[in-house]
Amino acid sequence: KNQVEQSPQSLIILEGKNCTLQCNYTVSPFSNLRWYKQDTGRGPVSLTIMTFSENTKSNGRYTATLDADTKQSSLHITASQLSDSASYICVVSVQAGTALIFGKGTTLSVSS
Amino acid sequence: NAGVTQTPKFQVLKTGQSMTLQCAQDMNHNSMYWYRQDPGMGLRLIYYSASEGTTDKGEVPNGYNVSRLNKREFSLRLESAAPSQTSVYFCASSDLGKGGYTFGSGTRLTVV
């Protein structure tokens, strides 16, 4: 069964600190992996998208990594800001199809 | 630069009532989608339209119907609302060849 598991479920960090969110997937055949940020009451917004051949993709203070062999991805947030408080969703796309498999998300709270 | 626009943003229905959620995109995307998001669960696909004139069922289609009115608009209809359909509904569009998905800001529906 195609699944995307994220950890931790929630995380609280102090402003200015770094954090890393994890995503493990069992999706086949794999097409690409995306990380989305979802603010409360808003729709998800794309942060990064990586294909099978890409190991790292950055978007400002957000850096995503992908290990296609172990089927793991991480999202690293550097020098966190209050505005980083949101849910971060890992999404894996099935090859040659329209199916997106969504993780349940990690809720990040950044406090001052 | 509107992207994906959903209406209404909030709605309360009584059990058995019907309503249509509207979605329009201005990015000339071929594919459009309806998802629902429930607490503690990832987004789940209700219906999608890979291109104008076609619609297909997703993971959770029961109780819903859709219409791809034209390339821009994709509506979701609840014929007889049930409390189990209380959820946040997101419309999305994509140009599959380029990989990106754009989500609307959501419709929060409560069925009492």
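Here are a few things to note about the model shown:
- Considering residues of the range A:84-112 that are surrounded by fewer than 16 Cβ atoms within 10 Å (Cβ to Cβ) and under 24 Å from B:Ala92 (Cα atoms) only, the residue modelled with the highest pLDDT: A:Gln95
- Residue in the range A:14-25 that is within 12 Å of chain B (Cβ to nearest Cβ), within 15 Å of A:Ile89 (Cα to Cα) and either in contact with a His (Cβ under 7 Å, 6 or more places away or on another chain) or open to solvent by 60 Å² or more (accessible area, probe 1.4 Å) (or both) present: no
- The condition (being more than 11 Å from chain B (Cβ to nearest Cβ), in contact (Cβ under 8 Å) with a residue 24 or more places away in the chain and in contact with a strand residue (DSSP E or B) (Cβ under 7 Å, 6 or more places away or on another chain)) is satisfied by just one residue among A:Gln81, A:Gln3: A:Gln81.
- Scanning the range A:6-59 for residues that are among the hydrophobic types (A, V, I, L, M, F, W, C) and touching a residue at least 24 places away in the same chain (Cβ under 8 Å) gives A:Leu11, A:Ile12, A:Ile13, A:Leu14, A:Cys19, A:Leu21, A:Cys23, A:Val27, A:Phe30, A:Leu33, A:Trp35, A:Leu47.
- Total residues in the range B:73-86 satisfying the condition of being of a type in the set (Gly, Ala, Ser) and within 14 Å of chain A (Cβ to nearest Cβ): the figure is 0.
- Elements of the type strands (runs of 3 or more DSSP E) sitting completely within the range B:14-103 and holding at least 1 residues that are within 28 Å of A:Tyr88 (Cα to Cα) and in contact (Cβ under 8 Å) with a residue 60 or more places away in the chain: these cover B:19-25, B:31-37, B:87-94, B:101-103.
- Scanning the range A:45-69 for residues that are modelled with pLDDT of 95 or more and in a loop (DSSP other than H, G, I, E, B) returns A:Gly60, A:Arg61.
- In summary, A:Ala79 fulfils each of the numbered conditions (1) part of a strand (DSSP E or B); (2) out of contact with any Cys (no Cβ under 8 Å at 6 or more places or on another chain) with the single exception of condition (1).
The values are calculated or read from the model by the stated rules, or taken from the named source; none is laboratory data. Being a predicted model, the structure only gives us computed values, none of them experimental. Glycine also receives a Cβ, built like all others from the backbone with ideal geometry; neighbour counts cover every protein chain displayed. The area values use the complete protein model at the heavy-atom level, side chains included, leaving out ligands, DNA and RNA. Shrake-Rupley method; radii C 1.70, N 1.55, O 1.52, S 1.80 Å.
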